[in-house]
Amino acid sequence: MLLFNEALSALGVIELPLQWKKFTWSNKQLPPLLERLDWFFTYVEWTTIFPETFVSTLTMETSDHVPCLITASTNIPKGKIFRFENYLMEHEHFFNVVPHAWSLPLPQLDMAKLITEKFKNVRRVIRAWQSHLSSLKANISNVKLIITFMGLLEEFRDLTLEEWNFRKILDEKLISLLQ
């Protein structure tokens with residue numbers, strides 16, 4: 001360990017602090033064995049250029065390892081991007097919404113422009129329709145939040161059998177939502 005610390009010092013790297021959790025691994029047993037297995041390093045030059053760099057923990061979902069996210073913030077604005085989600089095709093009204101959007105009348109004679117406008121219409125209509133649906137992203141986020149809470153609770157005390165079973169149900173629900 002002394003040689004490792006000397007190597008880090010010789011390289012001039014510094015540790016990025018881990019936010020929100022003390023541990024990054026659990027054996028997922030009762031009582032849990034919790035360990036910190038992950039450490040994150042960077043150069044001083046990086047932290048000078050990106051002073052808002054930090055490491056946060058994400059929700060331990062299906063693995064025994066807590067995923068970690070390194071964030072380096074920027075002030076560059078982002079445009080609103082349309083992303084088609086595959087789960088939309090499983091919705092009962094999907095195959096009514098798309099043909100409707102495709103068949104909307106357009107005042108274009110040029111076939112290339114016409115097909116471009118049709119795709120824009122489909123995107124616009126799907127985006128509007130999607131805004132009225134239960135948000136998959138929000139559902140996943142809510143389940144992850146509760147799983148995170150259960151993980152934090154487990155760091156301070158053993159979970160009761162009911163809490164343990166509840167977390168198992170949440171894990172299964174999360175896998176279902178992610179699929």
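The values are calculated or read from the model by the stated rules, or taken from the named source; none is laboratory data. What you see is a predicted model; the values in this text were computed from it and never measured. Cβ coordinates were reconstructed from backbone atoms using ideal geometry, including for glycine residues, and neighbour counts include every protein chain displayed.
Numbers for the structure displayed
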item	result
Test: ARG157 is of a type in the set (D, E, K, R) and outside the structural domain of PRO31 (by TED's automatic domain parsing)	no
Selection count, the range 94-118, where residues are surrounded by 12 or more Cβ atoms within 10 Å (Cβ to Cβ) and either at pLDDT below 85 or within 29 Å of the chain's Cα centre (by Cα) (or both)	4
Residue match in the range 31-38 (condition: of a type outside the set (Ser, Thr, Tyr), closer than 20 Å to THR160 by Cα, touching a Gly at 6+ places or on another chain (Cβ under 6 Å) and in contact (Cβ under 8 Å) with a residue 60 or more places away in the chain)	no
Single residue of GLU92, GLU154 found to be acidic (Asp, Glu) and closer than 30 Å to LEU30 by Cα	GLU154
Filter result for the condition that a residue is in a loop (DSSP other than H, G, I, E, B) and among the aromatic types (Phe, Trp, Tyr), over PHE41, PHE23, PHE4	PHE23
Count - residues of the range 122-173 that are more than 26 Å from GLU35 (Cα to Cα) and out of contact with any helix residue (DSSP H, G or I) (no Cβ under 7 Å at 6 or more places or on another chain)	11
